[in-house]
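Engineer: Okay, here's the structure, questions in a sec.
The values are calculated or read from the model by the stated rules, or taken from the named source; none is laboratory data. A quick note: this is a predicted structure, and the numbers were derived from the prediction, not measured. Note that we place each Cβ from the backbone using ideal geometry, even for glycine, and neighbour counts take in every protein chain shown.
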Amino acid sequence: MAPTWPAMEYAERSKPQGSASVRSHIAERANISMADITPNNVGQLHMLNAKLFPIVYVKELYKVQGEDVKPLCKLGLFNDIPVGDICCTLEDGPDETTWKIYIMTLGVLPSYRRLGIATALLNHVLENAPVGGMFAGRRVHALYLHVQTSNVAARAFYEKNGFVVSDKIEGYYSQLEPQSAWVLEKHT
Ligand SMILES: CC(C)(COP(=O)(O)OP(=O)(O)OC[C@H]1O[C@@H](n2cnc3c(N)ncnc32)[C@H](O)[C@@H]1OP(=O)(O)O)[C@@H](O)C(=O)NCCC(=O)NCCS
């Protein structure tokens, strides 16, 4: 006679309603953290950026940035897995006592979006280099960046974080369509 097995008993699990609450549920359970970019993981940064951006960033750029920008370049980790990054450069501000911080890259792999990872990366930069505050011996005049005018998600993200559109540049992305870019800035 074939053996019979008792029915399994499952504990009740609450099901989040709708996709927005599913993502907040995931975000609550996940460990979102950051890592410095080092010679050991810089290859992961290049792979992420190759997936995230239509522009190829020169690999040497990260090497020649120097010590000052290290706190402004981070990998974003989801349960210790690199899934995003932020990388900024320092430019002279209106005078030699100030900086303008240029956000060169800020991106998160599609499956890991809307979990607060880009917000955590941007907040890290804003905490280290607050607009109006001091960073690397100078006052931070502003943070700014370019986004393609078709990039509705990025514009929404930055506007939620207090950036405003200060300009539109036609032909900024000569290899892309559309070629135009929004300039988004955060001032005091
Ligand atoms: C823009 C980008 C970095 C946002 O990353 P993310 O980790 O999903 O952002 P967050 O989860 O921190 O989002 C914070 C808030 O920004 C806004 N936002 C983010 N993505 C959005 C979208 N697709 N549409 C509308 N609002 C959006 C929302 O208000 C969101 O809060 P909510 O999820 O509670 O509604 C991501 O979409 C991305 O990597 N895009 C490709 C790369 C890129 O274009 N980078 C910008 C140029 S440097």
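Engineer: Where the second residue is β-branched (V, I, T) and the first is without any contact (Cβ under 8 Å) to a residue 12 or more places away in the chain and lies in the range 24-52, which pairs have Cβ atoms under 8 Å and are six or more apart or on separate chains?
Structural biologist: The qualifying pairs are A50/V56.
Engineer: Here is a list of conditions, (1) without any contact (Cβ under 8 Å) to a residue 60 or more places away in the chain; (2) closer than 22 Å to Y57 by Cα, and H141 meets all of them except one; can you say which number that is?
Structural biologist: Result: H141 fails condition (2) only.
Engineer: Let me ask you something else. Here are M8, M1, M47: which of them is outside any strand (DSSP E or B), modelled with pLDDT under 80 and aliphatic (A, V, I, L, M)?
Structural biologist: M1
Engineer: When you scan the range 105-116, do you find a residue that is among the charged types (D, E, K, R), away from the ligand (no atom under 12 Å from the Cβ) and either modelled with pLDDT of 95 or more or part of a strand (DSSP E or B) (or both), even just one?
Structural biologist: no
Engineer: Another question, then. Step by step: first the residues of the range 139-173, then only those that are among the basic types (K, R) and assigned to a helix (DSSP H, G or I), then the one that is nearest to the ligand (Cβ to nearest atom). Which residue is that?
Structural biologist: K160
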